[in-house]
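Colleague: Dropping the structure in here first, questions after.
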Amino acid sequence: MFEMITRTFIKDYQNTDDPSVRTRYGILSSILSIILNLILVIFKMVFGKITGSVAITADGLNNLSDMGSNLASLFGFKLANKHPDREHPYGHGRIEYIVGMIIAFLIIYVGMTSFFDSLGKLFDPEEVTFSFLAVIVLIFAILIKSYMSYFNIKAGTKIDSETLIAAGKDSRNDVISTTATLISMCLVPFSSLPFDSIIGIMVSVFVIKSGIDIFRSTMDPLLGLAPDRKLVKEIEEFIKKYPICLGIHDLMIHDYGPGRRFMTVHIEVDAAKDIMATHDAIDLIEREVLKHFGILTTVHMDPIDTHDEKVSALKEVVKKIVKEIDDTYDIHDFRIVSGPTHTNLIFDVLLPSNDTTDHEIIRKEIEKKVTAYDPDLYCVMEIEHSYI
């Protein structure tokens, strides 16, 4: 069914790397969700009033908020594909993340409104009438929401959209909450306990938690989420296959929205090679990374003296010392400047992003071990954290 719908309404539907195709996926998913949610809102609000069930009414209000979320997604996809302008040279892709936050706030608001409504009915309960017709409506809603969850998550995964995946997860949560509402309806004939209000409270708490989770998932890329480790590994392996590359460090990826990523990376090259030939090879790497990963890349060349045995030997000594302090530490940009009285060892120490050790402690420990190895060696080091 997914393939049939996308093939019917999306031209060139398999080319998801095309921004226009990606936008059409988002628009199609949003419009489909709006139509299905509108049907559910009408059914649930009508039968919530007929049966006097606050749980069904709360579920209907939740579907109403879903419609607002779908509308936000619809406009978000249209705006996110807007061409870069003078004020926004990196494009408007992050609008998708902002839309995701709006969806999260709507879900939290509806959840809190429903919570207080259900809490009030717990202490002042209203009579709930069991209705086979209402049960059928709820079962129908579960089936509709299950399909919406499947469609949005599959479309979101296909085009790498956090907004659609969030909408799909919200629909999946609705399946659970509507199932809980159905259970409360079925329990009415067998007990005088206010199951309707109790389950209404439980559903509301579940909705609030869902909104908070979605808020967190959309906030992360706006704050600067670390790139996917699998992607980083693929990029590193891709670059290392070029003979010009002797090593990689200081890799940073900046995300300005799906399909709008920029990367900077330092590549170590042989200092003895012809500079024009090296530059040509670097240009090729930048073009090929863009072609294969869709990431606009800037490469900084770090010349390495691979023919000086003294430099190579001292580099291995310092690397071993740093690894002894912590095996997750590493060094790069190593070079030496020799003088009549001492030799400066110039290098950078790379720490994991989550390392909280005081830099001065690390610096003194390295200097102590290097001096113990050779008192005529001085360390000139920069300590930095990884961005991946």
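The values are calculated or read from the model by the stated rules, or taken from the named source; none is laboratory data. Every value quoted in this text rests on a predicted model; they were computed, and no experiment measured them. Note: ideal-geometry Cβ built from the backbone for every residue, glycine included; neighbour counts use all protein chains shown. Please note that ligands, DNA and RNA were not included when accessible areas were found on the heavy atoms of the full protein model with its side chains. Shrake-Rupley method; radii C 1.70, N 1.55, O 1.52, S 1.80 Å.
Colleague: If one computes the Cα centroid of segment 305-362 and of segment 206-224, what distance in Å separates the two points?
Modeller: After rounding, the separation between the Cα centres reads 40 Å.
Colleague: What are the aspartates and glutamates whose alpha-carbon lies under 18 Å from the alpha-carbon of LYS11, with same-chain residues fewer than 8 places away excluded?
Modeller: Those aspartates and glutamates meeting the cut-off are GLU3.
Colleague: For LEU351, which sequence-distant residues (separation of 5 or more, or a different chain) have an amide H within less than 5 Å of its own amide H, given hydrogens modelled in the peptide plane?
Modeller: It is GLU384, HIS385, SER386, by chain and number.
Colleague: What area, in nm² and to one decimal, does the C-alpha convex hull of the chain cast on average over all directions?
Modeller: Over every viewing direction, the Cα hull of the chain projects on average to 26.2 nm².
Colleague: So for each of 299-308, 69-78 I average, over its residues, the number of other beta carbons within 10 Å; can you give me the resulting order with the highest mean first?
Modeller: 69-78, 299-308
Colleague: If you don't mind, there's one more thing I want to ask. Please go through the residue pairs LYS169/LYS291; LYS154/LYS209; LYS233/LYS291 and name each one whose alpha carbons sit more than 21 Å apart in this structure.
Modeller: Going by Cα-Cα distance, LYS169/LYS291; LYS154/LYS209 fall outside the 21 Å limit.
Colleague: Here is a further query. May I ask you to derive the FRET efficiency for SER353 and HIS279 from their Cβ-Cβ distance with R0 = 45 Å, giving the value to the nearest 0.05?
Modeller: 0.90
Colleague: In addition: Among 368-376, 263-271, what's the highest-first ranking by average C-beta atoms within 10 angstrom per residue?
Modeller: 263-271, 368-376
Colleague: Let me ask you something else. GluC sites (Glu not before Pro), restricted to segment 1-107: which are DSSP loop and have at most 16 other Cβ atoms within 10 Å?
Modeller: GLU87
Colleague: I've got another one for you. Which of LEU61, VAL46, ILE27 sits closest to the plus end of the dipole of the chain, meaning its Cα is farthest towards the positive end, when Lys and Arg get +1 and Asp and Glu get -1 on the C-beta?
Modeller: Value: VAL46.
Colleague: A follow-up question, please. For segment 211-317, what is the accessible area per residue in Å² when the probe is 1.4 Å?
Modeller: 57
Colleague: I'd like the carbon and sulfur percentage of the solvent accessible area for the chain, probe radius 1.4 Å, heavy atoms only, ligands and nucleic acids excluded.
Modeller: Solvent-exposed carbon and sulfur of the chain make up 62 percent of the total.
Colleague: Still on this structure, please answer the following. Using +1 at the Cβ of each Lys and Arg and -1 at the Cβ of each Asp and Glu in the chain, identify which of HIS254, ILE388, PHE334 lies farthest towards the dipole's positive end.
Modeller: Farthest towards the positive end: HIS254.
Colleague: Still on this structure, I have one more. Among all the lysines, which ones have a C-alpha under 30 Å from LYS310's C-alpha, if same-chain residues fewer than 8 places away are not counted?
Modeller: List returned: LYS240, LYS241, LYS273, LYS319, LYS320, LYS323, LYS364, LYS368, LYS369.
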